[in-house]
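Q: One structure, as structure tokens, below. Some questions next.
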Amino acid sequence: MKTPTSSTPYILLVDDNRDGLLVRRSLLEEVGYRVKMAINGEEGLKLFEAEKFDVVVTDYRMPQMDGAELIQKIRILDPQARVILLSGFVEPLGLTEQNTGADAVITKSSNEPAHLVRSVKRLVNRALRKPPASQKSAISRIQAIGR
């Protein structure tokens, strides 16, 4: 197991199934991430408001606040937040990135661990990339106008 440091990406896991949380935490810690768990959407939202996470991984079906509602509230707080939605019902419910607001939607299955690690890594790397030069120059122009 890799030893996490303060610069290690920090992942928030949200699921009402404690066993699922523990398995995913173990998997993500094994590949070197720091992980915090929340047992429902409300707790997840409070943690998101209080701490800085690199990626949020949430279940879809939870009591009181489902994953799509959690994602909507997270997007209000931070439109650039990186979020993965997990569900055993992706196909039957027609869950997509477009209709849930997630950056990735993963089906709970035997392939989930590999998909989860790959998606978390992709989103963490996306966060670490610097904006393209054209975007930097546009930001510079906007900042200059504001002076």
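Q: Please work out how many pairs of lysine residues in the range 10-146 are eight or more positions apart (or on different chains) and have Cα atoms closer than 28 angstrom.
A: Final tally of qualifying lysine pairs is 20.
Q: With an 8 Å cut-off on Cα pairs and a minimum separation of 6 or more residues, tell me the relative contact order of the range 18-107 in percent.
A: Once divided by the residue count of the range 18-107, the mean separation gives 22 percent.
Q: Once you put a point 7 Å from the Cα of Ala50 and another 7 Å from the Cα of Arg18, both along the Cβ direction, what distance in nm separates them?
A: 1.9 nm
Q: Given points 7 Å out from each Cα along the Cα-Cβ axis, report the Asn111 to Glu30 separation in nanometres with one decimal.
A: 1.9 nm
Q: Could you tell me the largest-minus-smallest coordinate of the C-alpha atoms of the range 47-107 on each of the three principal axes, in descending order and whole angstroms?
A: Taking max minus min along each principal axis of the Cα atoms, the range 47-107 gives 34, 22, 16 Å.
A short reminder: the numbers here are calculations on the coordinates, not readings from a lab. The structure displayed is predicted, hence computed values, not measured ones. Note: ideal-geometry Cβ built from the backbone for every residue, glycine included; neighbour counts use all protein chains shown.
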